[in-house]
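**Student:** Would you mind keeping the following structure in view while I ask a few things?
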Amino acid sequence: MSKGVDVIVIGGGVIGAAVAYYLVRAGVQTMLLDRGDVASGTSSACDGNIVAIGQRPGFDSQMTLESQRLLEVLVEEMDCDVEYTRKGSVLVVEDESQVAFARSWYERQKQAGLPMRYIEGDAIFESEPLLARDVVGLVECASDGALNPMAFAYAMIRAARKGGAVIAPFTEAQDILVDACGAVKGVRSRGRILRSKRVVLATGIWTAEVARSVGLEIPIIPRKGHILVGEKTPIRATRKVQELGYVMAKNPETGKRDVDRETEERGVALVYEPCESGNFLLGSSREFTGFDSTCDKRVLQLIAKRAVRFFPCLRELHVIRTYAGLRPFTIDHRPIVSEVESIPGLFIAAGHEGTGIAQAPITGQMIASMIAETKCAIQPEALSIKRFEVKQQQERMV
Amino acid sequence: MNDDVIVCRCEEVSVGEIRKAIQEGARDVAGVKRRTRAGMGLCQGRTCERTVIKLLAEELHLPEATFLPDTVRTPITPTLIAALLGERNE
């Protein structure tokens, strides 16, 4: 059929949208495929976190910080409303037992270059009047914010299309095709061959399935998270509020909170997001349940319980909807943003778990820099697929 | 229907905005919702869903029966968080 394109991006979620956007911006002829509608999977069942504060201090938090810088430019360039607000975010220190950890987290993030502040005493309640009166501190990052993830993905896709990209929803990539030398030569979709020497997998939780067609084992699995949507109300916190224990629930190696076993086992921790629309979102939970994304009422209750522990006033407000999303989890809590050396022309941009919205811009820029040799502020070595290949080889040797 | 008519009252989404979303690629009720917020409000699409389906059918030249209602999720009606916790009846 056609003479082909420079790059085919598989997956039209927020990551694929960002990859397509930055490729087009670098002058690369791009085609984006999705087996369904764009932004209809993980990117439509999440929150709008643009938050660096909870990321491991150092490379991970700096990567998000850089992504925040890119987002500022991106929002201007796209000139379209993605409900973006940048009011900072805070981690709530629940009791005295968490103070030492909170202090060290604050120091380490500050050293990493994040605009941090430690708030204590009366200043806590001047800053967030709705918080329970017994909490003992707030760790703040001023550069954090939130946006509407679907509006964000659509805006990038619209801009990529305007810049010349071909956007093909409802076009499933059945196989990735390689030539006699093992290099990428295209994608088979609906019986047709779409030619391209480069393919980017922005396939999130489905990456393992898609990569299997070229014999690759990609260690990304779905991790479920529940969210409750609150009614529109003027009774809202001023910014994104998470409990410090969220960092602990996410990375068990950082310590333990004083919560009941059920809350711990289901990975429930307060994440509160006041939305630009006037609503508020409540999360979070983290569980491995395969590809099942149905809501579990018990988990919703545990989230609500955690929410009223920090915001007692929430008891009097209504939940209007709930949903659960599947996040692409990797064992070391880092995405894979990488070329695949064994299959020249194949790239992976997936595995961001809960940071995909925040890290979409930097991920798009990284992939563009690998393909078009444009500049990128973050070096991608730490995100290479090689870190897993080495482990897989070691396992085989044992 | 005139483009200015409000379809989703909760989120104030007009016929014109919904038509634009369909032209941009929305192919079902959820696709319209993600692009416009129609159905994301207090009534969760109870008022507007039928009209959204009519507009999808009209724009895409397909029978209305092609379009299924959006997934129903808990809670069925807005629920007080205190009630969700079992502390109080609604």
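**Student:** Can you tell me how many residues in the range B:1-21 are in contact with a helix residue (DSSP H, G or I) (Cβ under 7 Å, 6 or more places away or on another chain) and either within 14 Å of chain A (Cβ to nearest Cβ) or closer than 12 Å to B:V52 by Cβ (or both)?
**Tutor:** Residues in the range B:1-21 being in contact with a helix residue (DSSP H, G or I) (Cβ under 7 Å, 6 or more places away or on another chain) and either within 14 Å of chain A (Cβ to nearest Cβ) or closer than 12 Å to B:V52 by Cβ (or both): 8 in total.
**Student:** So A:K305 fits all but one of (1) among the charged types (D, E, K, R); (2) surrounded by 22 or more Cβ atoms within 10 Å (Cβ to Cβ); (3) over 17 Å from the mean Cα position of the chain (by Cα); what number is the exception?
**Tutor:** Unmet for A:K305, out of (1) among the charged types (D, E, K, R); (2) surrounded by 22 or more Cβ atoms within 10 Å (Cβ to Cβ); (3) over 17 Å from the mean Cα position of the chain (by Cα): (2).
**Student:** Those residues that are farther than 21 Å from A:E83 by Cα and buried (at least 18 other Cβ atoms within 10 Å of the Cβ), I need them from the range A:128-150; list them, please.
**Tutor:** Listed by number, the residues that qualify are A:E128, A:L131, A:V135, A:G137, A:L138, A:V139, A:E140.
**Student:** Exactly one of these conditions fails for A:Q109: (1) crowded, with 16+ Cβ neighbours inside 10 Å; (2) in contact with an Asp or Glu (Cβ under 8 Å, 6 or more places away or on another chain). Give me its number.
**Tutor:** Only one criterion is unmet by A:Q109, namely (2).
**Student:** Now, a different point. Could you list all residues from the range B:67-86 that are more than 7 Å from chain A (Cβ to nearest Cβ) and touching a helix residue (DSSP H, G or I) at 6+ places or on another chain (Cβ under 7 Å)? Walk me through it before giving the result.
**Tutor:** Applying the first criterion (more than 7 Å from chain A (Cβ to nearest Cβ)) to the range B:67-86 yields B:67-72, B:76-77, B:83, B:86.
Once the filter is applied, which keeps residues that are more than 7 Å from chain A (Cβ to nearest Cβ) and touching a helix residue (DSSP H, G or I) at 6+ places or on another chain (Cβ under 7 Å), the range B:67-86 yields B:F67, B:P69, B:D70.
**Student:** Hey, another quick one. State whether one or more residues within the range B:39-50 are farther than 19 Å from A:P169 by Cα, buried (at least 18 other Cβ atoms within 10 Å of the Cβ) and of a type in the set (A, V, I, L, M).
**Tutor:** Yes: one or more hits.
**Student:** Right, next: Go through the range B:37-49 and give me each residue that's within 13 Å of another protein chain (Cβ to nearest Cβ) and more than 18 Å from A:L317 (Cα to Cα).
**Tutor:** B:R37, B:A38, B:G39, B:G45, B:R46
**Student:** Residues that are β-branched (V, I, T): which helices (runs of 4 or more DSSP H) entirely in the range A:57-141 hold 3 or more of them?
**Tutor:** A:59-78
**Student:** Okay, moving on. In the range A:151-180, what residues are in contact with a helix residue (DSSP H, G or I) (Cβ under 7 Å, 6 or more places away or on another chain), assigned to a helix (DSSP H, G or I) and surrounded by fewer than 24 Cβ atoms within 10 Å (Cβ to Cβ)?
**Tutor:** Across the range A:151-180, the qualifying residues are A:A155, A:A159.
**Student:** Same structure, new question: For the range A:225-234, indicate whether the set of residues that are out of contact with any strand residue (DSSP E or B) (no Cβ under 7 Å at 6 or more places or on another chain) and over 24 Å from A:I50 (Cβ atoms) is non-empty.
**Tutor:** No.
**Student:** Can you find even one residue in the range A:221-235 that is at pLDDT 95 or above, surrounded by fewer than 22 Cβ atoms within 10 Å (Cβ to Cβ) and among the basic types (K, R)?
**Tutor:** yes
**Student:** Next question, about the same structure. If only one of B:V32, B:V52 is within 16 Å of the chain's Cα centre (by Cα), away from chain A (no Cβ under 14 Å) and assigned to a helix (DSSP H, G or I), which one is it?
**Tutor:** The unique qualifying residue is B:V52.
**Student:** Among residues belonging to the range A:317-326 that are at the interface with chain B (Cβ under 7 Å from one of its Cβ atoms) and not aromatic (F, W, Y), point out the one that is nearest to the chain's Cα centre (by Cα).
**Tutor:** Filtering the range A:317-326 for residues at the interface with chain B (Cβ under 7 Å from one of its Cβ atoms) gives A:317-323.
Now narrow it down to the ones that are not aromatic (F, W, Y): A:317-322.
Working: A:L317: 28, A:H318: 27, A:V319: 24, A:I320: 24, A:R321: 22, A:T322: 19 Å.
The qualifying residue nearest to the chain's Cα centre (by Cα) is A:T322.
**Student:** Could you tell me which numbered condition A:E94 fails, if it satisfies all but one of (1) surrounded by fewer than 20 Cβ atoms within 10 Å (Cβ to Cβ); (2) closer than 29 Å to A:A324 by Cβ; (3) of a type outside the set (K, R)?
**Tutor:** Going through (1) surrounded by fewer than 20 Cβ atoms within 10 Å (Cβ to Cβ); (2) closer than 29 Å to A:A324 by Cβ; (3) of a type outside the set (K, R) one by one, A:E94 breaks only (1).
**Student:** Between a residue in the range A:251-269 that is modelled with pLDDT of 70 or more and any residue that is of a type in the set (K, R), which pairs come within a Cβ distance under 7 Å, given they are 6 or more apart or on different chains?
**Tutor:** Every condition considered, the pairs that remain are A:T263/A:R306; A:G267/A:R286; A:V268/A:R306; A:A269/A:R306.
**Student:** All but one of (1) closer than 22 Å to A:P328 by Cβ; (2) in contact with a strand residue (DSSP E or B) (Cβ under 6 Å, 6 or more places away or on another chain); (3) within 14 Å of chain B (Cβ to nearest Cβ) hold for A:A173; which doesn't?
**Tutor:** (3)
**Student:** For residues in the range A:327-362 being in a loop (DSSP other than H, G, I, E, B), of a type outside the set (D, E, K, R) and within 17 Å of the chain's Cα centre (by Cα), which is nearest to the other protein chains (Cβ to nearest Cβ)?
**Tutor:** Ranking the qualifying residues of the range A:327-362, first place goes to A:H352.
**Student:** If you don't mind, another one. Just one of A:E72, A:E94 is over 13 Å from A:A160 (Cβ atoms) and in contact (Cβ under 8 Å) with a residue 60 or more places away in the chain; which is it?
**Tutor:** After ruling out the rest, the residue left standing is A:E94.
**Student:** Also, quick follow-up: Could you list, in sequence order, all residues of the range A:21-57 that are within 14 Å of another protein chain (Cβ to nearest Cβ), of a type outside the set (D, E, K, R) and surrounded by 20 or more Cβ atoms within 10 Å (Cβ to Cβ)?
**Tutor:** A:L32, A:L33, A:V38, A:A39, A:S40, A:G41, A:T42, A:S43, A:S44, A:C46, A:G48
The values are calculated or read from the model by the stated rules, or taken from the named source; none is laboratory data. Given the structure is predicted, the values throughout are model-derived calculations rather than measurements. Ideal geometry is used to build each Cβ from the backbone, glycine not excepted, and the neighbour counts take in all protein chains shown.
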